[in-house]
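Q: Have a look at this one before I ask anything.
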Amino acid sequence: MLWTVAGVVTLGFLVALEVAARHYGIPGPITTQAREVIFPPKSGFLLYAGMALMMVVLTPRQRFIAVGTAIGIDLIFVVVRWAADIKVTEGHPFGNGALWVMLGCTVIAVTRRTGRERVLLLKGVGLGLLLVAGRKTGDAWLHITSQTRPMVLDQYVATADQALGNPSWLVGRMVRATGPVGAHVLDYVYVQLAVASVVVALYQLRHVAVERRFPSHHLVRTFLVIGLLGPGIYMIYPVVGPIFAYGVDGGQWAVANLWPETAPPISAPHAMPFDEITPRNCMPSLHTAWATVIFVHSRKGPRILRFAGTFWLIATLGATLGFGYHYGVDLVAGVVFALTIEAAMRSLARGWDRSGIQLVAYGTTVFAALLVSYRYLPMEMARYPLVFGPLLILAMVSVILGYMRTTKLWEPRIAPGRQLEPQPELV
């Protein structure tokens, strides 16, 4: 019943977003996903990552068949496009096969499976398709933000960022100093964040095929909820980022061409108009939020997975700041946002109790306080950085420590084995 309700709600949301997107003259998530059945997909890696998530419910033999079928279909598409002299100018020349396999498994689940096996396969397909649909939904939503929010609040955020010492300007200069190699590495990490989440999720879901059930909580659940709730904040707090508001990419709409060489001067901020193309997708930094939950969920994996989770978090923070996509205060808000949602999802899985309610309420309060302070106290934050800078970090650290302390109490405790007392031996 829960999965049925979730499916109906998700479908209703996608249909509503499709209608809204078409109102603004762009294809919605359903249309763009349907096109990728035939046309080159925007991200072939994402489609194969979605198929990998689906395959956690399959046996090793079924996985071999699924991968082989997907690759075979992709090869057919490559040959047909080559024969028809069709050039792939946008997206990837592969990935259609993975989508065909997921859709095929849906048909198999409905027509060839019954009972728990049908439900399990449909859950696997739904998990894979949700990951892909989340990307399509985000693309459509970001376009809607640029159409419905003509005014942006970058000057407020940039002024508040003075309390942290303008980290985007500092890291931006550092990234430029590394040259093309450093920029390419960070760009790959930034773009393939969803794929990194799948790697961690595959480790968490590695026993599904044997146990024939999903664990009560895993990374994908939090990942998708962050993607669902985060864009709503964009509508409340529209920000485009320093490379657009203060850099050359903003063109005539930019305040000045200052990023990353010259820090913006401290002056009274005000909302400013911006173009109808650039997404308002900065506050909070969802890339930071996603990288944070990847880091959190990788902590219980093997050493190589823990190392990868740490690397992805550090590199994502470097990319978001170094490419001028975010201000430092965006990242602080993103960490608080991520841990609050992760705490809520874990509480939902284990059952709500007093500690879970308190942690979620505290994280929500801190997150709201951050947004309010960025909007209404930016001048004070800029004038007294030695006061407000540590306060911002302290607020974030308090949520981190609260999450660590509370979730440690949630961990199952293993009772120590009873020590056997030595018995006298017969002589």
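The values are calculated or read from the model by the stated rules, or taken from the named source; none is laboratory data. All of these numbers come straight from a predicted model, not from anything done at the bench. Here the Cβ positions follow ideal geometry from the backbone for every residue, glycine too, while neighbour counts run over all protein chains shown. Note: accessible area is taken over every heavy atom of the protein model, side chains too, but ligands, DNA and RNA are not part of it. Shrake-Rupley method; radii C 1.70, N 1.55, O 1.52, S 1.80 Å.
Q: Tell me the relative contact order for the stretch 214-341 as a rounded percent, counting alpha carbon contacts under 8 Å between residues six or more apart.
A: With pairs under 8 Å counted, the relative contact order is 31 percent.
Q: Per residue, how much accessible area does the stretch 270-333 show when a 1.4 Å probe rolls over the protein heavy atoms, in square angstrom?
A: Per-residue value: 36 Å².
Q: Give, rounded to the nearest 20 debye, the magnitude of the charge dipole that the stretch 173-243 has about its Cα centre when Lys and Arg contribute +1 at Cβ and Asp and Glu contribute -1 at Cβ. Could the numbers behind the result be given before it?
A: Values: 6 positive and 2 negative charges, 24 e Å.
About 120 debye.
Q: Return the sequence-ordered ³J(HN,Hα) values of the stretch 67-72 in whole Hz as given by the Karplus equation 6.51 cos²θ - 1.76 cosθ + 1.60 applied to θ = phi - 60°, using x for Gly and Pro.
A: Taking θ as phi minus 60°, the curve returns 5, x, 5, 4, 5, x Hz for the stretch 67-72.
Q: Would you rank V119, V360 by solvent-accessible area, highest first, keeping every protein chain in place and using a 1.4 Å probe?
A: Numbers: V119 75, V360 25 Å².
Result of the area sort, largest leading: V119, V360.
Q: Okay, next question. For I26 and S216 in the same chain, what is the full-extension length gain: residue separation times 0.36 nm, less their Cα-Cα distance, in nm?
A: Working it through step by step, the gained length comes to 64.7 nm.
Q: Within the chain, what is the longest stretch that has no GluC sites (Glu not before Pro) placed in a DSSP loop and near at most 15 other beta-carbon atoms within 10 Å? Numbers along the way, then the final one.
A: Numbers: sites that count: E90, E261, E276, E425.
Counting at most 15 other Cβ atoms within 10 Å as exposed, the longest clean stretch of the chain is 91-260.
Q: Keeping all protein chains in place, calculate the accessible area per residue for the stretch 175-220 (probe 1.4 angstrom), answer in Å². Let's see the in-between values first.
A: Details: 2370 Å² over 46 residues.
That works out to 51 Å² for each residue.
Q: Shifting gears a bit: Per residue of the stretch 293-299, in order, report the coupling 6.51 cos²θ - 1.76 cosθ + 1.60 (Karplus, θ = phi - 60°) as ³J(HN,Hα) in whole Hz, putting x for Gly and Pro.
A: Computed from phi, the couplings for the stretch 293-299 are 6, 4, 4, 4, 6, 7, 5 Hz.
Q: Separate question: Run the numbers for T114 and D275: contour at 0.36 nm per residue of separation, minus the present Cα-Cα distance, in nm.
A: 52.7 nm
Q: Oh, and also: Sorted by accessible area (1.4 Å probe), largest first, how do M235, M151 line up?
A: M151, M235
Q: Efficiency by 1/(1 + (r/R0)^6): what FRET value for V37 and L228, r their Cβ-Cβ distance, R0 = 25 Å, to the nearest 0.05? List each step's numbers first, then the result.
A: Details: r = 24 Å, r/R0 = 0.98.
Plugging the Cβ-Cβ distance into 1/(1 + (r/R0)^6) gives 0.55.
Q: What lysines sit close enough to K408 to cross-link, taking a C-alpha to C-alpha distance under 30 Å and skipping anything fewer than 8 places away on the same chain?
A: Answer for K408, where 30 Å is the Cα cut-off: K123, K300, listed by chain and number.
Q: Name the long-range amide H neighbours of V152: under 5 Å, sequence gap of 5 or more, or other chain; modelled H, no Pro or chain starts.
A: The answer is M272, F274.
Q: Leaving ligands, DNA and RNA out of it, rank K408, K42 by accessible area with a 1.4 Å probe, largest first.
A: Most to least solvent-accessible, the answer reads K408, K42.
Q: Given 0.36 nm per residue, what is the gain on full extension from E411 to T89 after removing their alpha carbon distance, in nm? Before the final figure, lay out the partial values.
A: Values: separation 322, 0.36 × 322 = 115.92 nm, distance 5.01 nm.
Contour length minus the Cα-Cα distance gives 110.9 nm.
Q: Taking θ = phi - 60°, what integer Hz values does the Karplus form 6.51 cos²θ - 1.76 cosθ + 1.60 yield along the stretch 15-20, in sequence order, with x for Gly and Pro?
A: Listing the rounded values in order: 5, 4, 5, 4, 5, 5 Hz.
Q: Restricting everything to alpha-carbon atoms, can you work out Rg to Rh for the stretch 85-133 with a Kirkwood hydrodynamic radius?
A: Numbers: Rg = 14.1 Å, Rh = 12.2 Å.
Reported Rg/Rh (Cα atoms, Kirkwood Rh): 1.15.
Q: I've got another one for you. How much of the accessible area of the chain, in percent, comes from carbon and sulfur atoms when a 1.4 Å probe is used?
A: For the chain, the apolar C and S fraction of the accessible surface comes to 69 percent.
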